[in-house]
Amino acid sequence: MDFGLTQEQEQLKSGARDFLSHECPTSVVRKVMAEESGLAPELYQKIAELGWTGMIVPEEFGGLGLGMLDLAILLEECGYAAMPGPFAFSSGIAVSALRLGGSPEQCRRWLPELASGKLTGTVAIVEEADSLDPADINLSAARDNNGFVLNGVKMFVPYAHAADFIVVAARSTPGPEGLDFFVVEGGATGLSARILRNVDQTRRVCEVKFDAVKVPEHARLAKSAGLLDRLIDAGAVVMAADCLGGAERALEMAVEYSKVREQFGRPIGSFQALQHLAAELIAAIEPARSLLWYAAYGQDAALEDASRAASMAKARLSAVYSRTADQSVLMHGGIGFTWEHDIHLWFKRARFDEPFFGDPVYHRDRVATLSGY
Amino acid sequence: MDLNLTAEEEAFRNRVRDWLAHNRPLALHQRGVVDGKTWVQRAKDWQRRLYEAGYLALSWPKEYGGQALDPMRQAIVSEELMRANVPGVIGSNAISMLGPTLITWGTEEHKRRYLPKILTGEEIWCQGYSEPGAGSDLASLRTRAELAGDEFVVNGQKVWTSGAHIADWMFALVRTNPDAPKHKGISYLLIDMKSPGITVRPLVQMNGEADFCEVFFDNVRVPRANLVGELNEGWKVANTTMVHERNWLGASPKRLFDKIVERASQQRRGGVALTQHPLYRQRLADIQIDVEAMRLHALRLLSNAIHKRPGGVENMVAKLVGTELNHRMALTAMDMLGDYAAMARGEPSAYDRGVWSATWMGSIARMFGGGTSEIQKNVIAERGLGMPRSR
Ligand SMILES: Cc1cc2nc3c(=O)[nH]c(=O)nc-3n(C[C@H](O)[C@H](O)[C@H](O)COP(=O)(O)OP(=O)(O)OC[C@H]3O[C@@H](n4cnc5c(N)ncnc54)[C@H](O)[C@@H]3O)c2cc1C
Ligand SMILES: Cc1cc2nc3c(=O)[nH]c(=O)nc-3n(C[C@H](O)[C@H](O)[C@H](O)COP(=O)(O)OP(=O)(O)OC[C@H]3O[C@@H](n4cnc5c(N)ncnc54)[C@H](O)[C@@H]3O)c2cc1C
């Protein structure tokens, strides 16, 4: 038994930290924040060259064929760096949708180019109700002679404005069984994406309108049944990993600041009020890291309780991130309220991460249900 | 990441499980039902049975009664003991705290003399650290031990000493040099509780039990040979003990959680079980997540130990989080039970014979031993996060 990272994984982690500290310092993050597209194409090219975009793409489709745990290690570092761009959503969530739901042909059509970084994809699930409950998914997929016609509106779709395809959850028939997933190409007629004004400017999310968008039969993912739940599992782990890295970084910044800022003739980090706060935060972060490792490993090893583990990780880590970022701003005093100081990048990113792919209340309820109470 | 046991470990686990199924003691749980002496005897018998079966202190060296097995075997046994819901071991404080200290610091003579009887339960130990003036600030302790020839002469008082009234021996911290800085004048002594000049006065606890005591020393003579480590180096010696104590107290709380969910699913208001009540359902799941986090966290720390990875601040949080979680679980149960929560142990109308109020009070006690939560946070902040010292 070894509940821990392998040496290769430790190297992956420290390599990623090194790389991002050079290639994605906050000066770069801020530059991308200020641009309309929010894409960071040069950075994306570099991470593709490192193989990150193909991390969980099976080898037969041109990826590295590694697991969710390896991806989670990278995503933790991306959260630590507040890395902008579609990486998590394309290489984590969209790849998962194809890997879990696609036929071999569908995988062959999309995965190699996702892995190489040539294309990006995204996944569209929630609608106006902002709910993962299948009953709240109403975008309609009506049969027509050559395939389906999609009508409806999706909300909070990451990087849809630039995605080469969108995997969209749609209702072909009423009732819980009637959900299907379709791969819609970015330039499809009737498809339009509007970038939402988002507090977390390290991300771009869109409202996506489907106005009689026609898709062929082969655009329907082969294994749609149960896919929503599996995607929630994958999305939960992806987001939880970002939360872990972000929480670590926010606390680290606050602790470092507390060592140099002096008031009352001593460093503020010597005041017990701040010491105990920081201790509580790290005491929440470290056990939650164990939850994340287990959840990611659970998907790789197809453990029986993988879904529950994913929900546990997301419920805990997203709450921990918000609280840590919040308190870390407070530990900075007035300087933490400025635009110039970087701490607000994580403060805001936490708020995107917390509800995305299910907020803590949703995931706690799912934990209870999956535990049989 | 590899969560599988080897075939031998799996077989070992099955052997332990099987043994426990056939050897679980019956009457031990009902402490207070039998008289104190009988209970102590039965508890010692149970410990001896466990030891003879090979299920105590598996990682200790063979020559002192251990089996020199890796920490994984010990963890398997601990998990099975927990799962089987058998009573704890009466000598557990000595096994987890004193034993490792003697193995590290004791003389050959100490090890041969004391370790085997710690394991068999033939000798029960108590921990003589706290004093009226020395709690969290343990290093300010004043119980004085003066060297007179081959003996120390001990005078002073200990307090909150759990089990002093049933103990044969005490491992104690005493002041041997009052003029040195406070951490530098302390020594670690093994004191025979039958020595003339010792008076033990049990204190009644808030839960009505009399587990901890005051212990008075009036010119108590202790052979110099009972000194562990060098003279005036007791602080260093004791710190090994405290590290082990922290590992011990963070034990997995899953069993308690399962009982709470069971209780909640039986508890109905307006025809709806509390597991379906939106607030309690959320609270239960929130706790369950922490319970699972601590289970996994323990696996992580165990893996660090097995694979000899140093680890970092993660090693420091288990006692704090574990005991706070235990307390939070007890509070949730109390909140759920409404008026029944305030019923005392043994009240016939109370749920589960009033065990919940006892659990609640017990959860408080666990937060003191080995350093209060506040002290844990001081240590985590200053040593774990490197924040500047507060004093
Ligand atoms: C939006 C905004 C508007 C403002 N407007 C004005 C204004 O109009 N005029 C004006 O004069 N000022 C103004 N301020 C400044 C404000 O009063 C200060 O930010 C505040 O007094 C804190 O001081 P500081 O920022 O130097 O933080 P610090 O004093 O450096 O505090 C940093 C952290 O250390 C903690 N800390 C400090 N000392 C202790 C201690 N002894 N014990 C425990 N913790 C401690 C603090 O609680 C905080 O968490 C404004 C601030 C903001 C954010
Ligand atoms: C059930 C039980 C069994 C026990 N068994 C034993 C035993 O067998 N042997 C033994 O030696 N001792 C035993 N103890 C004693 C236990 O170790 C002490 O209670 C503990 O160390 C705290 O000391 P204190 O009670 O003097 O509290 P104090 O140290 O007076 O603390 C009071 C409060 O002040 C806080 N505080 C103190 N210092 C600081 C600081 N620097 N920063 C922030 N907050 C601070 C504490 O956290 C606490 O909340 C037992 C205690 C209990 C409750």
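Picking from residues in the stretch A:254-270 that are surrounded by fewer than 21 Cβ atoms within 10 Å (Cβ to Cβ) and hydrophobic (A, V, I, L, M, F, W, C), the one that is nearest to the other protein chains (Cβ to nearest Cβ) is A:VAL260.
In the set (1) within 16 Å of B:ASN207 (Cβ to Cβ); (2) at the interface with another protein chain (Cβ under 9 Å from one of its Cβ atoms); (3) of a type outside the set (Phe, Trp, Tyr), the condition left unmet by B:ALA381 is number (1). Is one or more of the residues making up the stretch A:233-253 over 30 Å from A:SER91 (Cβ atoms), at pLDDT 95 or above and away from ligand 1 (no atom under 12 Å from the Cβ)? No, there is no match, as no residue in the stretch A:233-253 is over 30 Å from A:SER91 (Cβ atoms), at pLDDT 95 or above and away from ligand 1 (no atom under 12 Å from the Cβ). Within the stretch A:287-302, is there a residue that is assigned to a loop (DSSP other than H, G, I, E, B) and either among the basic types (Lys, Arg) or modelled with pLDDT of 95 or more (or both)? Within the stretch A:287-302, one or more residues are assigned to a loop (DSSP other than H, G, I, E, B) and either among the basic types (Lys, Arg) or modelled with pLDDT of 95 or more (or both).
Does A:LEU111 count as closer than 26 Å to A:GLN299 by Cβ and free of Cβ contacts under 8 Å to residues at least 60 places away in the same chain?
Working: closer than 26 Å to A:GLN299 by Cβ: yes; free of Cβ contacts under 8 Å to residues at least 60 places away in the same chain: yes.
In short, yes.
When A:LYS314, A:LYS348 are screened for being within 13 Å of chain B (Cβ to nearest Cβ) and more than 16 Å from ligand 2 (Cβ to nearest atom), only A:LYS314 passes.
A Cβ distance below 9 Å, combined with a sequence gap of six or more or placement on separate chains, defines the contacts here; from the stretch B:375-389, residues that are within 13 Å of A:SER270 (Cα to Cα) and free of Cβ contacts under 8 Å to residues at least 12 places away in the same chain reach no residue that is more than 16 Å from ligand 1 (Cβ to nearest atom) and among the aromatic types (Phe, Trp, Tyr).
From A:SER131, A:SER116, A:SER192, grab the single residue that is surrounded by fewer than 17 Cβ atoms within 10 Å (Cβ to Cβ), touching a residue at least 60 places away in the same chain (Cβ under 8 Å) and under 23 Å from the mean Cα position of the chain (by Cα). Full working, then the answer.
Working: A:SER131 fails: touching a residue at least 60 places away in the same chain (Cβ under 8 Å); A:SER192 fails: touching a residue at least 60 places away in the same chain (Cβ under 8 Å).
Result: A:SER116 is the single residue among A:SER131, A:SER116, A:SER192 that is surrounded by fewer than 17 Cβ atoms within 10 Å (Cβ to Cβ), touching a residue at least 60 places away in the same chain (Cβ under 8 Å) and under 23 Å from the mean Cα position of the chain (by Cα).
Note on the stretch B:97-111: residues that are charged (D, E, K, R) and closer than 13 Å to B:GLY66 by Cβ total 1. Of the candidates A:ALA273, A:ALA212, the single residue that is surrounded by fewer than 19 Cβ atoms within 10 Å (Cβ to Cβ) and within 16 Å of ligand 2 (Cβ to nearest atom) is A:ALA273. Here A:ALA310 fits the description: touching a residue at least 24 places away in the same chain (Cβ under 8 Å), away from ligand 1 (no atom under 16 Å from the Cβ) and in the same structural domain as A:GLU248 (by TED's automatic domain parsing).
Scan the stretch B:307-319 for residues that are in contact with a Ser or Thr (Cβ under 9 Å, 6 or more places away or on another chain) and part of a helix (DSSP H, G or I) and report the count. I'd like the intermediate steps shown before the answer.
Our first condition is that a residue be in contact with a Ser or Thr (Cβ under 9 Å, 6 or more places away or on another chain); within the stretch B:307-319, this holds for B:309, B:314, B:319.
Still in the list and also part of a helix (DSSP H, G or I): B:314, B:319.
Residues flagged as in contact with a Ser or Thr (Cβ under 9 Å, 6 or more places away or on another chain) and part of a helix (DSSP H, G or I) within the stretch B:307-319 amount to 2.
The condition of being assigned to a loop (DSSP other than H, G, I, E, B), surrounded by 19 or more Cβ atoms within 10 Å (Cβ to Cβ) and not assigned by TED's automatic domain parsing to the domain that holds B:GLU209 holds for only one of B:GLY370, B:GLY322, B:GLY354, B:GLY346, that being B:GLY370.
Within the option set B:ILE166, B:ILE95, being of a type outside the set (D, E, K, R), surrounded by 19 or more Cβ atoms within 10 Å (Cβ to Cβ) and either within 30 Å of B:ASP258 (Cβ to Cβ) or without any contact (Cβ under 8 Å) to a residue 40 or more places away in the chain (or both) holds for one residue only, B:ILE95.
When the residues of the stretch B:169-199 are filtered to those that are part of a helix (DSSP H, G or I) and in contact with an Asp or Glu (Cβ under 9 Å, 6 or more places away or on another chain), which remaining residue is surrounded by the most Cβ atoms within 10 Å (Cβ to Cβ)? Let's see the steps before the verdict.
At the first step, the residues of the stretch B:169-199 found to be part of a helix (DSSP H, G or I) are B:182-184.
Filter again for in contact with an Asp or Glu (Cβ under 9 Å, 6 or more places away or on another chain), leaving B:182, B:184.
On the way: B:LYS182: 17, B:LYS184: 15.
For the stretch B:169-199, the residue satisfying everything is B:LYS182.
Among the numbered criteria (1) within 13 Å of chain A (Cβ to nearest Cβ); (2) under 28 Å from A:PHE3 (Cβ atoms), which one does B:MET367 miss? Of everything listed in (1) within 13 Å of chain A (Cβ to nearest Cβ); (2) under 28 Å from A:PHE3 (Cβ atoms), B:MET367 misses just condition (1).
Within the stretch A:28-36, is there a residue that is under 27 Å from A:TRP110 (Cβ atoms), crowded, with 21+ Cβ neighbours inside 10 Å and within 17 Å of the chain's Cα centre (by Cα)? Looking through the stretch A:28-36, none of the residues is under 27 Å from A:TRP110 (Cβ atoms), crowded, with 21+ Cβ neighbours inside 10 Å and within 17 Å of the chain's Cα centre (by Cα).
Mind telling me which of the residues A:LEU303, A:LEU291 ends up being away from ligand 1 (no atom under 16 Å from the Cβ), within 24 Å of B:ASN315 (Cα to Cα) and within 14 Å of chain B (Cβ to nearest Cβ)? Explain how you work it out, then say what you get.
Details: A:LEU303 fails: within 24 Å of B:ASN315 (Cα to Cα).
Criteria check complete, one pass: A:LEU291.
The single condition among (1) in contact with an Asp or Glu (Cβ under 8 Å, 6 or more places away or on another chain); (2) over 30 Å from B:GLY370 (Cα atoms) that B:ALA285 does not satisfy is (2).
Is it true that some residue in the stretch B:218-226 is surrounded by 16 or more Cβ atoms within 10 Å (Cβ to Cβ), modelled with pLDDT of 95 or more, within 16 Å of ligand 2 (Cβ to nearest atom) and in a strand (DSSP E or B)? No, the stretch B:218-226 contains no residue that is surrounded by 16 or more Cβ atoms within 10 Å (Cβ to Cβ), modelled with pLDDT of 95 or more, within 16 Å of ligand 2 (Cβ to nearest atom) and in a strand (DSSP E or B).
Among residues of the stretch B:203-215 being modelled with pLDDT of 95 or more and buried (at least 17 other Cβ atoms within 10 Å of the Cβ), the one that is farthest from B:GLY354 (Cα to Cα) is B:VAL215.
So, in the stretch A:313-334, exactly how many residues are within 16 Å of ligand 1 (Cβ to nearest atom) and touching a Phe, Trp or Tyr at 6+ places or on another chain (Cβ under 8 Å)?
From the stretch A:313-334, those within 16 Å of ligand 1 (Cβ to nearest atom) are A:323-334; that's our starting set.
Then drop every residue that is not touching a Phe, Trp or Tyr at 6+ places or on another chain (Cβ under 8 Å), which leaves A:325-326, A:328-329, A:331-332.
Qualifying residue count, the stretch A:313-334: 6.
Would a scan of the stretch A:365-373 turn up a residue that is assigned to a helix (DSSP H, G or I), more than 10 Å from chain B (Cβ to nearest Cβ) and either more than 30 Å from B:SER265 (Cα to Cα) or of a type in the set (Lys, Arg) (or both)? Let's see the steps before the verdict.
First, pick out the residues of the stretch A:365-373 that are assigned to a helix (DSSP H, G or I): A:365-370.
With the extra rule that they be more than 10 Å from chain B (Cβ to nearest Cβ), the set shrinks to none.
Checked against the condition, which is being assigned to a helix (DSSP H, G or I), more than 10 Å from chain B (Cβ to nearest Cβ) and either more than 30 Å from B:SER265 (Cα to Cα) or of a type in the set (Lys, Arg) (or both), the stretch A:365-373 yields no hits at all.
The values are calculated or read from the model by the stated rules, or taken from the named source; none is laboratory data. On a predicted model such as this, the values are computed, not experimentally measured, just so you know. Glycine gets a Cβ as well: all are built from the backbone with ideal geometry, and neighbour counts include every protein chain shown.
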